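Notes follow once the structure below has been shown.
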Amino acid sequence: MMQKERFEWIQSWCDEADKTDKPRVLLVGDSITVGYQAIVRELLQGVCYVDYIATSYAADNKYYSTLIEGFAKNSDYAIVHFSHGLHGVQMCPRTYKSKIKALLLRLMERSKVILAETTVMYREGNKRADPIWRKRINERNEVVAELITELDCGWDQLYDVSVKIPLSARAEDGVHYLEAGYETLADSVAKTILKMIK
């Protein structure tokens, strides 16, 4: 059963939306994507245009697929970099996989897709992994691995990157990052996109 969160939000940006002289890339994600998107845009400047859409709506929300698919259809995206696993803790792996797979198949009709792992979530203070979310994140990253094989997507191993980010680059809430942490994540995102573009 779909479960809403206390706060629901959507944030997006299209860079140089009227230009078609370079490939266009769409980052799909959550607040982690919001944190690194501007750095990714800077790293890929001159190579491609980078847009993003990020939201707290979980994949089992009836609005989610409509939102993402509609946004992706509004421009000609060569690549969609997809990372959305930190919302909808109520979803079991089966539901998460079915919802994400159905959306990805539609996105792949128009664009190449890179699937990114969900980043680590610690309890406030970053002393240990959140026990509930650790289980869900592990499950969702297993789903990502399955879908990469099934759909022949690109793979961005953001979880492995995130666990190596030092405490000094993490926000106190255990979920988000300071600028240095987002720079590390953005570097992985940009390199994965560059590899697919080439």
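The values are calculated or read from the model by the stated rules, or taken from the named source; none is laboratory data. This one's a predicted model, so the numbers in the text were calculated from it and none came from an experiment. FYI the Cβ positions are ideal-geometry reconstructions off the backbone, even for glycines, and counts take in every protein chain you see.
Observations
- Boolean, LEU115 is among the hydrophobic types (A, V, I, L, M, F, W, C), modelled with pLDDT under 95 and farther than 14 Å from ALA59 by Cα: no
- If only residues of region 57-69 that are part of a helix (DSSP H, G or I) and among the charged types (D, E, K, R) are counted, the one that is nearest to GLY154 (Cα to Cα) is GLU69.
- Condition check for ALA54: crowded, with 21+ Cβ neighbours inside 10 Å and either in contact (Cβ under 8 Å) with a residue 24 or more places away in the chain or part of a loop (DSSP other than H, G, I, E, B) (or both): yes
- Taken over region 66-96, residues that are under 25 Å from ALA190 (Cα atoms) and either without any contact (Cβ under 8 Å) to a residue 24 or more places away in the chain or not aromatic (Phe, Trp, Tyr) (or both) amount to 18.
- Members of region 1-41 found to be under 24 Å from MET108 (Cα atoms), over 13 Å from the mean Cα position of the chain (by Cα) and among the aromatic types (Phe, Trp, Tyr), listed by number: TRP13
- Top-ranked residue of region 115-136 - restricted to ones that are touching a Phe, Trp or Tyr at 6+ places or on another chain (Cβ under 7 Å) and hydrophobic (A, V, I, L, M, F, W, C), ranked as nearest to LYS164 (Cα to Cα): VAL120
- On inspection, SER188 passes the criterion of being assigned to a helix (DSSP H, G or I) and surrounded by 14 or more Cβ atoms within 10 Å (Cβ to Cβ).
- Neighbours by Cβ (under 6 Å, 6+ apart or cross-chain): first from region 129-153, under 21 Å from LYS112 (Cβ atoms) and in contact (Cβ under 8 Å) with a residue 12 or more places away in the chain; second of a type in the set (S, T, N, Q) and surrounded by fewer than 18 Cβ atoms within 10 Å (Cβ to Cβ): none
- Looking only at residues of region 1-51 that are of a type in the set (Gly, Ala, Ser) and part of a helix (DSSP H, G or I), we find that the one that is surrounded by the most Cβ atoms within 10 Å (Cβ to Cβ) is GLY35.
- Selection within region 83-96 - over 13 Å from SER31 (Cα atoms) and not hydroxyl-bearing (Ser, Thr, Tyr): GLY88, VAL89, GLN90, MET91, CYS92, PRO93, ARG94
- Only residues that are under 17 Å from HIS176 (Cβ atoms) and hydrophobic (A, V, I, L, M, F, W, C) were counted in region 101-137, giving 6.
- Tabulated pairs, region 29-49, first closer than 15 Å to ILE79 by Cα, second hydroxyl-bearing (Ser, Thr, Tyr) and at pLDDT 95 or above, C-beta under 6 angstrom, 6+ apart or interchain: GLY29/SER83; GLN37/TYR52
- Tally, over region 94-146, of residues that are more than 20 Å from ILE32 (Cα to Cα) and of a type in the set (S, T, N, Q): 3
- When ASN61 is tested against (1) over 14 Å from VAL28 (Cα atoms); (2) at pLDDT 95 or above, just one condition goes unmet, and that condition is (2).
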